[in-house]
Amino acid sequence: MFTQGGRDREFNEEIQTHLQIEADRLVQEGMPPQEALAAARRAFGNATSARERFYESRRWMPLDHLARDVRYALRQLRHAPVSTATVIFSLALGIGVNTAIFSLADQALLRALPVEKPQQLVLLNWHGSFVGGGVGSDNLLPHPFFRELRKENDVFVDMFARFPTDVHLSTGARSQPVGAEIVSGSYFPTLGVRPRLGRLLGDSDDLQPGAHPVVVLSYDYWRNHLGSDPAIVGKRVLINDFPMTVVGVAERGFHGVDVAAAPALWIPIMMKRQATPGWDALNDRRTSWLHVFGRLKPGITARQAQARLQPWFKAYLRADTRREGWPQVTPAQMRDYLASRLNLLPAAEGRSDLRGMIREPLLILLAATGLILLLACLNVANLSLAKVLARRRSTALRAALGAGRSRILIEQLIESGLLAAAGCLAGLLLAPLVGSAILSFLPQGLDGVALTASLDPRVLLFALAITALTTLLCGVAPAFYATSIQPVTALKEQSSAVTRGFGLRKALVIGQFSLALILLIGAGLFARTLSNLRLQGPGFPTTNLLMFRIDPLADGYKAPETKPLVRQVLAAVQALPEVAQAGAAGLEMLTGGGWNNPVTVQSNRRIVTEDIPMNSASPGFFETLGARIMQGRDFNERDAHYGADGDRRSAIVNEEFVKRYLKDSNPIGAGLGIGNAPNTVANIEIVGVVKSFSDFFLRKPEPEVFFALWEGGVGGAAFYVRARTAAPVAMRSIRAALTRIDPKLSVLALRSIDDQLDRMLASERMLATLAAGFAVLATLLAMIGLYGVLSFSAESRTKEIGIRLALGAPRGAAGGLIVREAALLALAGLAIALPISWALGRLIESQLFGVHPMDTMTITGAALVLALVCLAASAVPARRAESVSPLEALRSE
């Protein structure tokens, strides 16, 4: 009972010495030795009590009791290794997948930028109608607007602007495409980022266009691609074949303000013409392209700053309408423009298009992993309850000997806590593997994404929190049941088959089945969505169809040289024996973005459209894709005249465009004009109608306009190739052909269309694959729980089965009892799962395609899987029930 430590032994020896001295004194006085020792003990008092007081004086007893309870729990777990391993495995899966998903959600949706006081950052957003065009996705502003507001505002400590792009970088060898950010000189000072080497960009690098050929490298690029070269500062690199000097390396851990586009380098905004040689809008008020951020002054909230900026913004709008170059607009367009507002959006987490793309899928997966954890907890609670039932007599004996209910309750919770802690440790080892698997599904195969599968302190705290929650969920029901055992009743029980507590175990199994069925239905819906999108495809055959693009301006070509080069590349590819057909487009398709503009249509009446997708195409492009011309003609060499770049004469529209805008008139011969201004001239003739196919998105057909590639300026092109041979063979031939034309010409994004479709469907594939994995896991856990309950049921009904068999019942009927019980539990789970699935289905409806949330086929398939699980789980217990000997069963009772 007492610790055999040195001080305890010394105290024990001191007591014995004291007793012996007293006994010796009494012996000297004439008392017999035995009586003397007894008298000495009576005089000393309760030695055991003295030892206990000494023991307790040297220890914090709650901690001591906890240590003993932990040792007791470890002994109990060691005596049931199979059950313990099953519990730890279940919890490891539940905690591991939850931790992995939370880690990615934290990085993509919640984590603040690693900069100085990120909560002070806001993103400026033009809310309303902008007169002009834009390059980018959302939250765009013109550069002159940024310069003026930075000078004249009184709510920001400072402001900065950035534009993400790709450049071709060469550090001495062949150039390679890398991600970059074009930034204002205030970018690094406003964020509070420090240099790792050299210096960062400042206002001195933001003065004159073309006068600041300097770059700052990211820490990751410097380390991974340049070997952490300490002498990199001062070296020259080529950006789009233009020489620039490295002036510094950013600090470690800083990846820009977009989690999906970690740049390799930063370029001054004044070098925009060199960074984006295809277009230059540095001083254009009619082109929005910059993301503009501000750092609020201390004491000013975003709402206050927004209110104080509105008068300035309204004055800017009015002044803008009076500037030279203001286009002609309709009264409605003028009214909408002047009604615009400048909003300030929270930007502590930066700004990212990826965040919007994966927010809903990640939240759905986080909810699904929550169900997995709950299911694992139900499974563990079921197993723990079974162990409590198996120990009921020993628990009753301990209670009869004086163990209080609080002691028994604490012991059970400690055992659950140890299991949860072991599951947490195993889950933390599993989480990076799950996180890496999920990262492989990221949309568009983003190479510059700053997400990682590593775990940081916030994620570890989350893991500890769900471990504590798991302890409560797993341990409360078994612990309270253990404290409810009546010692007298339990000790009088003669049968080992006790049915008390069996109803609670059945309820836990029903909960497991309902959760498993919900996950099965969800997995089926996501799998059918992916299948429907793949079956629908882009609207043209993808077999042996390849794509690649070139960007001659980034490889050092001048603008007048690019169109002849693109024609030369197309002719060379068409001449390859491995190629059946080839065509070129101005922009790459199936990337989720591209060129959008409103269009003015002149037919029987004048129509102004909303923004619609646009592209340009060479002769033979539609034939290469397998997209049939439904009316009119394809582009041909007559649609090419070198002397008038930008003077477009011909256009082809798709069937969806005709249905939406020209369904009451003949589209052939109708006029188009790019823009929605009242003076837009519709002098581009529609010469053909092509069958609709997907260019931007797969989920719905969109109206689209194609212009003749050779009529406009051609800065680069995307090539589409129908191969005669296997894709790898054709790809090698294509690379060789372009090398013969120019060895330094970069071949970009050479892949099959099927591969591109997989990239485009990355979110759907991630949802379908992970949901299917979660459903399999849930089904496995439910089957384990059902097997445990049915085994217990077969054991508890041994006497009943023996009597039935003794009275002449066939042995198959005994097994039927167990199978029937399993079926009833499954039906109860189905009854609970269906209404919950209906409610949850409305939340995931936006992620579905071609299937209803309560799709009968999917629910039927999930129910069939559930039925197979029931049969599998009941097979062994049913066989055991059939093998019961009536004589032995009755004798054992």
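The values are calculated or read from the model by the stated rules, or taken from the named source; none is laboratory data. Being a predicted model, the structure only gives us computed values, none of them experimental. Because the Cβ atoms are built from the backbone with ideal geometry, glycine has one as well, and the counts that use them run over all protein chains shown. Ligands, DNA and RNA are excluded from the accessible area calculation, which covers all protein heavy atoms including side chains. Shrake-Rupley method; radii C 1.70, N 1.55, O 1.52, S 1.80 Å.
Against the test of being at pLDDT below 90, basic (Lys, Arg) and within 25 Å of THR769 (Cα to Cα), the options ARG528, ARG534 yield a single qualifying residue, ARG534. List every residue pair whose Cβ atoms sit under 7 Å apart, with the two residues 6 or more apart in sequence or on different chains, where the first one lies in the stretch 611-629 and is within 18 Å of THR543 (Cβ to Cβ) and the second, anywhere, is open to solvent by 20 Å² or more (accessible area, probe 1.4 Å) and among the β-branched types (Val, Ile, Thr). Going by the 7 Å Cβ cut-off, the qualifying pairs are PHE622/ILE629.
Consider the stretch 751-764 and keep the residues that are touching a Lys or Arg at 6+ places or on another chain (Cβ under 9 Å) and not in a helix (DSSP H, G or I). The one that is least open to solvent (accessible area, probe 1.4 Å) is LEU761.
Residue check: is VAL721 crowded, with 18+ Cβ neighbours inside 10 Å, closer than 21 Å to GLY620 by Cα and under 34 Å from the mean Cα position of the chain (by Cα)? Spelling it out, VAL721 is indeed crowded, with 18+ Cβ neighbours inside 10 Å, closer than 21 Å to GLY620 by Cα and under 34 Å from the mean Cα position of the chain (by Cα).
Exactly one residue out of ILE741, ILE684, ILE734, ILE668 is β-branched (Val, Ile, Thr) and open to solvent by 50 Å² or more (accessible area, probe 1.4 Å), and it is ILE668.
Taking the stretch 232-268, which residues are of a type in the set (Gly, Ala, Ser), over 28 Å from LEU745 (Cα atoms) and crowded, with 24+ Cβ neighbours inside 10 Å? Within the stretch 232-268, ALA250, GLY256 qualify. LEU748 fulfils the conditions (1) closer than 20 Å to VAL167 by Cβ; (2) open to solvent by less than 10 Å² (accessible area, probe 1.4 Å); (3) touching a Lys or Arg at 6+ places or on another chain (Cβ under 8 Å) except for a single criterion, (2). Annotation: of all residues in the stretch 14-55 being of a type in the set (D, E, K, R) and modelled with pLDDT of 75 or more, the one that is nearest to ARG71 (Cα to Cα) is GLU14. Within the stretch 699-708, if we keep just the residues that are open to solvent by less than 10 Å² (accessible area, probe 1.4 Å) and not charged (D, E, K, R), the residue that is farthest from the chain's Cα centre (by Cα) turns out to be ALA708.
Of the residues making up the stretch 837-871, those that are β-branched (Val, Ile, Thr) and farther than 17 Å from ALA527 by Cα number 1.
Quick check on the stretch 72-79. Is at least one of its residues open to solvent by less than 30 Å² (accessible area, probe 1.4 Å), touching a Lys or Arg at 6+ places or on another chain (Cβ under 9 Å) and modelled with pLDDT under 80? For the stretch 72-79, residues open to solvent by less than 30 Å² (accessible area, probe 1.4 Å), touching a Lys or Arg at 6+ places or on another chain (Cβ under 9 Å) and modelled with pLDDT under 80: absent. Number of residues in the stretch 668-686 that are under 45 Å from the mean Cα position of the chain (by Cα), over 14 Å from ARG605 (Cα atoms) and hydrophobic (A, V, I, L, M, F, W, C): the value is 4. Would you mind stating whether ASP647 is surrounded by fewer than 15 Cβ atoms within 10 Å (Cβ to Cβ), at pLDDT below 90 and out of contact with any Leu (no Cβ under 6 Å at 6 or more places or on another chain)? Yes: the conditions hold for ASP647. Looking across the stretch 288-323, just one residue is surrounded by fewer than 20 Cβ atoms within 10 Å (Cβ to Cβ), within 17 Å of PHE145 (Cβ to Cβ) and among the β-branched types (Val, Ile, Thr), and that is THR321.
For every residue, the table says whether it meets (1) modelled with pLDDT of 85 or more; (2) surrounded by fewer than 20 Cβ atoms within 10 Å (Cβ to Cβ); (3) in contact with a Gly (Cβ under 7 Å, 6 or more places away or on another chain).
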site: ALA367; (1), (2), (3): yes, yes, no
site: ARG391; (1), (2), (3): no, yes, no
site: GLY404; (1), (2), (3): no, yes, no
site: GLN412; (1), (2), (3): no, no, yes
site: LEU425; (1), (2), (3): yes, yes, no
site: SER440; (1), (2), (3): no, yes, no
site: VAL449; (1), (2), (3): no, no, no
site: SER454; (1), (2), (3): no, yes, no
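Can you find a residue that is hydrophobic (A, V, I, L, M, F, W, C), at pLDDT 95 or above and more than 35 Å from the chain's Cα centre (by Cα) anywhere in the stretch 288-295? The answer is no; no qualifying residue exists. If you go through the stretch 269-285 and keep only what is open to solvent by 30 Å² or more (accessible area, probe 1.4 Å), in contact (Cβ under 8 Å) with a residue 40 or more places away in the chain and assigned to a loop (DSSP other than H, G, I, E, B), you end up with PRO277, GLY278, TRP279, ASN283, ASP284, ARG285.
Count, please, the residues in the stretch 342-363 that happen to be open to solvent by 30 Å² or more (accessible area, probe 1.4 Å) and either under 13 Å from the mean Cα position of the chain (by Cα) or aromatic (Phe, Trp, Tyr) (or both). Number of matching residues: 5.
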